[in-house]
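Structure first, commentary second.
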Amino acid sequence: MKKIFTFSFDDGTVQDKRLIAMLKKYGFTATFNLSSGLFGYEYSFDMNGHHVVHTRLSAEEAKEVYKGFEVAAHTRTHNCLRLLPRKEIIEEVVPDYIALSELFGYPVRGLAYAWGGTNYDRLSTDILQNDTNIRYARNVEESGTLNFPENFLEWHPSAHILSDDTDRLLSEFEKAENDCLLYIWGHTFELDFDNGWERTEKILERLSEIEGAVCMTNMQIYREITGEK
Ligand SMILES: [Zn+2]
């Protein structure tokens, strides 16, 4: 039985360091989705009454911080591919994974679509498939299931890490006796509020107690399922 769980976090902000320390404590891995054109970019905004610090790690720091974890692309300047014409989609994707591959020293073949809602369309998946080295791409529309993706370029996460549904999915995952995949995504800056860090610690603790469950990066899952190297 393949009982797999995976984590995918977007934007490469400074809070990733705190999550990585927690993941290391449990011996877990994860995938981090970065925009190569925005390293070191300092930004903050107000969301739901909270002041959000959205400072991205510098390229030098990222190289150290993400050692041992998977880095995937997130578009060069954090753009919504669904809103772009063909030429601009390629410009957002190709130089991004090339820059990340050079910086991190391995071929980056994963991507998380930037922006919320429906952030990709048929044109973007066709371009990824035919004109790029990207092999999987995650969106933000939650499946609410423990299913493996039907199409790796339209990979739905199971749930957001702070979703009300995460607890139910964890219980299902604990009990599952068939092949299944629990896919949790989010942004680490979101964990600064609503007891996010405590809730994350509880999730990691629960996962660490499930016998036979294996933590993988997104790319490891892609390879496991497709048999590609
Ligand atoms: Zn993002």
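Could you identify the single residue in 167, 179, 194, 126 that is without any contact (Cβ under 8 Å) to a residue 12 or more places away in the chain, over 28 Å from residue 90 (Cα atoms) and either surrounded by fewer than 15 Cβ atoms within 10 Å (Cβ to Cβ) or within 14 Å of the chain's Cα centre (by Cα) (or both)?
When all the criteria are applied, what remains is 167.
For the stretch 131-142, does any single residue satisfy the condition of being more than 13 Å from the ligand (Cβ to nearest atom), without any contact (Cβ under 8 Å) to a residue 24 or more places away in the chain and in a helix (DSSP H, G or I)?
No.
I'm trying to understand the selection: among the residues of the stretch 169-204, which are more than 16 Å from the ligand (Cβ to nearest atom), out of contact with any Cys (no Cβ under 9 Å at 6 or more places or on another chain) and aromatic (Phe, Trp, Tyr)?
183, 193, 197
Could you list all residues from the stretch 181-213 that are farther than 22 Å from residue 17 by Cα and either among the aliphatic types (A, V, I, L, M) or touching a His at 6+ places or on another chain (Cβ under 7 Å) (or both)?
Of everything in the stretch 181-213, those that are farther than 22 Å from residue 17 by Cα and either among the aliphatic types (A, V, I, L, M) or touching a His at 6+ places or on another chain (Cβ under 7 Å) (or both) turn out to be 181, 182, 210, 213.
Between a first residue in the stretch 46-71 that is of a type in the set (Asp, Glu) and a second residue that is modelled with pLDDT of 95 or more and in a loop (DSSP other than H, G, I, E, B), which pairs have beta carbons less than 8 Å apart while being 6 or more apart in sequence or on different chains?
From residues that are of a type in the set (Asp, Glu), the pairs are 70/29; 70/30; 70/217.
The values are calculated or read from the model by the stated rules, or taken from the named source; none is laboratory data. This is a predicted model, so every value here is computed, not measured. Every residue, glycine among them, receives a Cβ derived from its backbone with ideal geometry; neighbour counts consider all protein chains shown.
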